[in-house]
Amino acid sequence: MSSSVFTLSDNNIPDASEMRFGIVCAEWNNNITFKLLEGALSTLKENGVQEQAIKVMHVPGSFELIHGCAELARHGWVDAIIAIGCVIKGDTPHFDNICQGVTQELAHQNTNGKIPVIYGLITVNTLEQAEERAGGKLGNKGEEFAITAIKMVDFDWQLQK
Ligand code: RBF
């Protein structure tokens with residue numbers, strides 16, 4: 001079990017003032033996903049990202065993150081995309097199907113696409129576990145997704161130099 005709020009190093013965050021981000025956020029479990037979105041947005045802005053350099057798009061459920069991210073990447077305007085969703089285990093195999101499908105496809109987009117797609121899918125057994133990660137005792141994972149996105153854009157830009 002995670003014991004710290006931040007599992008990422010939050011120092012040495014690159015300057016993000018010239019970066020552009022897309023966020024695709026699922027509406028299912030939006031009591032969780034909208035908090036993750038808020039965490040990601042405030043962290044991007046705290047690190048210098050301009051309000052007009054962030055494009056937020058909503059999709060119905062986590063499964064639609066696949067199409068949403070692919071199309072946003074194709075659009076060509078953003079340097080990285082953060083995919084935000086929350087899948088809570090139920091009594092049917094849907095949980096495994098959605099988690100597997102989204103994970104595989106976002107991984108595929110990371111290897112085949114031109115820009116990083118940050119995996120912001122929270123997969124949990126209970127609503128309580130989701131709440132702990134969306135501003136609760138384990139922090140807000142949206143902040144980590146944002147820092148990861150900034151670091152990955154910087155990674156790409158360093159290679160272009
Ligand atoms: N979407 C989520 O983002 N999180 C969920 O926990 C979730 N659970 C679902 C459970 C069932 C039984 C079904 C049918 C859909 C669920 N979805 C969930 C929605 C899914 O991601 C997608 O929007 C729909 O399957 C339509 O493609």
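The values are calculated or read from the model by the stated rules, or taken from the named source; none is laboratory data. On a predicted model such as this, the values are computed, not experimentally measured, just so you know. Don't worry about glycine lacking a Cβ; one is built from the backbone with ideal geometry, like all the others, and counts go over all protein chains shown. Just the protein is used for accessible areas: all its heavy atoms, side chains included, with ligands, DNA and RNA removed. Shrake-Rupley method; radii C 1.70, N 1.55, O 1.52, S 1.80 Å.
Okay, here's what the table says:
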read-out	value
Positive-end residue of G120, I32, V49, charge dipole of the chain with Cβ unit charges	V49
Built amide H within the under 5 Å cut-off of V59, gap 5+	C25, A26, E27
Fraction of antiparallel bridges per DSSP, the chain only, in percent to nearest 5	10 percent
Inter-probe distance in nm under a simple model that places probes 7 Å from Cα toward Cβ, at Q100 and Q52	4.6 nm
Length-normalised contact order of segment 37-161 in % [C-alpha pairs under 8 Å, at least 6 apart]	32 percent
10 Å beta-carbon shell around D154, net charge (K/R +1, D/E -1)	-2
Carbon/sulfur fraction of accessible area - the chain, other protein chains in place, 1.4 Å, %	50 percent
Size of electric dipole in segment 29-143: Cβ of Lys, Arg +1 and of Asp, Glu -1, about Cα centre, debye, nearest 20	180 debye
Cut-off 15 Å between beta-carbons: net charge of the residues surrounding T126, Lys and Arg +1, Asp and Glu -1	-1
Solvent-accessible area per residue, Å², over the chain with all protein chains present [probe radius 1.4 Å]	54 Å²
Approximate spin-label separation L159-K137, in nm, with each point projected 7 Å along Cα-to-Cβ	4.0 nm
